[in-house]
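Values in this text are rule-based calculations from the coordinates and carry no lab data. This one's a predicted model, so the numbers in the text were calculated from it and none came from an experiment. No Cβ is skipped: glycine too gets one built from the backbone with ideal geometry, and neighbour counts run over all protein chains shown.
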Amino acid sequence: MPLTVQDAKIVVGMNERGDAEHDIAAWFGESQAKIVEVIDGISHGALAAANDDELHPVGAPGPKALRLRSDVLRALDALDGDDLAKAKAVLREGLATFNAHDAK
């Protein structure tokens, strides 16, 4: 699916923040070449960066997704045991970890 203008603004913002091009590409399921086209203004023209609160977390999405999947499975186990409070806590912790910035 082509990158939208909003996606491209996020790409620009992530690049300005110093994210690695291959990590940015992974977030969008695109090639690094496509990301460079956005950054260089070739595919979407000159764009202002998205606001910091709109940017994806720093780091590759793959490891984040694997950790979050593990947390979801732990939360489901807690729900199977009727421990709603534990399930909520596990999901909140997992989301916070997912949103945390990995080292660059």
Worksheet item: Once both axes come from the Cα atoms, what is the angle between helix 61-80 and the longest principal axis of the chain, in degrees from 0 to 90, rounded to 10?
Response: 20
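In debye to the nearest 20, how big a dipole does the chain give about its Cα centre with +1 on each Lys and Arg Cβ and -1 on each Asp and Glu Cβ? Walk me through the numbers on the way to the answer.
Values: 11 positive and 18 negative charges, 38 e Å.
Magnitude of the dipole: close to 180 debye.
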Worksheet, complete the sentence: If one compares the long axis through the Cα atoms of helix 5-17 with the longest principal axis of the Cα atoms of the chain, the angle in degrees, nearest 10, works out at 90
Worksheet item: Roughly how many nanometres apart are two label points built 7 Å out from the Cα toward the Cβ at Leu79 and Thr97?
Response: 1.8
Worksheet entry | Compactness index (Cα Rg / 2.2 N^0.38 Å), the chain | 1.29
Worksheet item: Which is farthest toward the positive dipole end of the chain among Ala75, Val11, Pro61, measuring Cα position about the Cα centre, with Cβ charges +1 (Lys, Arg) and -1 (Asp, Glu)?
Response: Ala75
